[in-house]
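Computed from the coordinates by the stated procedures, all read-outs in this text should not be read as laboratory data. Owing to the predicted nature of the structure, the values given are computational and were not obtained by experimental measurement. Here the Cβ positions follow ideal geometry from the backbone for every residue, glycine too, while neighbour counts run over all protein chains shown.
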Amino acid sequence: MSPIKMEKIEANIRAVAKYVELFNLNDPVGLPELFAEDCFVEDASSLPGEKSVHNRAELSRYFRDLFQRSKSCRLEITDLHGMGKKVLLLWKRTREWEDKPPEQCHGASLFNFSRAKILSVAEYVKTPSP
């Protein structure tokens with residue numbers, strides 16, 4: 001693979017690492033800047049299609065609401081793979097709430113890129129067995 005192609009793959013991986021960094025800082029202003037204006041994000045904590053975000057303005061509100069509802073919301077990278085315009089992030093998420101016990105879950109996010117911006121994110125969560 002040529003160095004130019006490797007640079008593009010690495011840039012997308014670095015963008016996802018920056019996403020995790022800003023998420024862990026609970027930064028509702030910086031996170032949307034990583035996304036394309038016409039981005040699409042499906043929230044892993046909801047049923048498919050129940051909570052999806054369709055542009056950067058909605059995404060900004062989504063992150064602001066998320067970080068206001070939880071005392072702390074953190075992602076830990078368990079694995080990260082770059083595949084051209086796609087990056088697969090395997091993660092462990094911990095949320096601490098004001099009014100209920102902390103939650104912890106594992107999942108995966110598939111990021112799609114266009115012009116060095118995140119175009120879409122599809123999240124999948126492994127829920128604990130009852």
So how many residues does segment 60-76 have that are out of contact with any Lys or Arg (no Cβ under 6 Å at 6 or more places or on another chain) and exposed (fewer than 14 other Cβ atoms within 10 Å of the Cβ)? 6
Looking at segment 80-129 only, could you name the residues that are among the β-branched types (V, I, T) and either assigned to a strand (DSSP E or B) or surrounded by 14 or more Cβ atoms within 10 Å (Cβ to Cβ) (or both)? V87, T94, I118, V121, V125
Quick check: is even one residue across segment 94-101 touching a Phe, Trp or Tyr at 6+ places or on another chain (Cβ under 8 Å) and of a type outside the set (A, V, I, L, M, F, W, C)? no
